[in-house]
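Asker: Please read through the structure below; I'll follow up with questions.
The values are calculated or read from the model by the stated rules, or taken from the named source; none is laboratory data. What you are looking at is a predicted structure, and each value in this text was computed from that prediction instead of being measured. Note that each Cβ is placed from the backbone with ideal geometry, even for glycine, and that neighbours are counted across all protein chains shown. Surface accessibility is based on the protein's heavy atoms, side chains included, excluding ligands, DNA and RNA. Shrake-Rupley method; radii C 1.70, N 1.55, O 1.52, S 1.80 Å.
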Amino acid sequence: MEQLDASKEILECFLSGKFKRMDCPQCENTFLTKVYEMKCFDSGKKLSLKCAECKRVFTADTADNAWKNYVLLEKQSLGLEYFLDAIQQYDLKNVPFARRVGVLDEDGQPIDSSCIHLFSFEEPDYRIIYVMERLEHLEETDAEFFTEHVHEIDWMEQADRNKVWTYIAERYNEALAEDIRKLCQYYREHEKYLNWDLHGDNLMKRVKDGTIVVMDPFAPKMGDYMEE
């Protein structure tokens, strides 16, 4: 119950314009996502302790509750919902903390999250708001490595994919390779509804410790795809 109340408080702060939008063309182009700071300022003044408390409740299961380590995302795409489903199904580790705050209709009014339907070709006519751990983009050499070796694994034979997992494990770590393997498996199980879209811009690193994590690796097939 506390977490639900915290979600409502955070969503109300967003709707009243208390979070500043960040300028990150790379996020907007890669994830079709608007990103907002969660510093929680109102006309240049810090908000009350109540606002800080709602955030602490919301992220109570995280190791670090410093507010500078979180951002707000605004998306009109289901890609992150599929990603969160894969995280839960496969207990992925090298992924950011991300949690849905609420859903808004075309007029910006909160609506029930039951409107979200995965594994269909439905075009969302709503916006989904999330709190997510703050990340940084990779250095160019790392981004190029993942774009070259991971982006086209959906076209590879299984033996070639296995070589990629080994290569990632050797260059980075085995846990990251295993998470990417599981995400590819999730894609292959649901490729009727998803495109594989993992490349160097989708792998990012945690601000607090530099750990490389996967972010939003799927592109839903929408609109012009017809169910058989």
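Asker: Of all residues in the range 128-158 being at pLDDT 90 or above and charged (D, E, K, R), which is least open to solvent (accessible area, probe 1.4 Å)?
Answerer: 142
Asker: Now, a different point. Could you name every one of the strands (runs of 3 or more DSSP E) located completely within the range 166-228 that has at least 1 residues being among the polar types (S, T, N, Q) and open to solvent by 50 Å² or more (accessible area, probe 1.4 Å)?
Answerer: 194-196
Asker: While we're here: Is one or more of the residues making up the range 106-114 farther than 24 Å from residue 16 by Cα, surrounded by fewer than 14 Cβ atoms within 10 Å (Cβ to Cβ) and not polar (S, T, N, Q)?
Answerer: For the range 106-114, residues farther than 24 Å from residue 16 by Cα, surrounded by fewer than 14 Cβ atoms within 10 Å (Cβ to Cβ) and not polar (S, T, N, Q): absent.
Asker: Mind listing whichever residues of the range 75-93 are under 15 Å from residue 195 (Cα atoms) and not in a loop (DSSP other than H, G, I, E, B)?
Answerer: 79, 80, 81, 82, 83, 86
Asker: For residue 182, which of the numbered conditions (1) modelled with pLDDT under 95; (2) within 24 Å of residue 75 (Cβ to Cβ) fails to hold?
Answerer: In the conditions (1) modelled with pLDDT under 95; (2) within 24 Å of residue 75 (Cβ to Cβ), residue 182 misses (1) alone.
Asker: Taking the stated definitions as given, is residue 18 farther than 26 Å from residue 117 by Cα and at pLDDT below 90?
Answerer: So residue 18 fits the description; yes.
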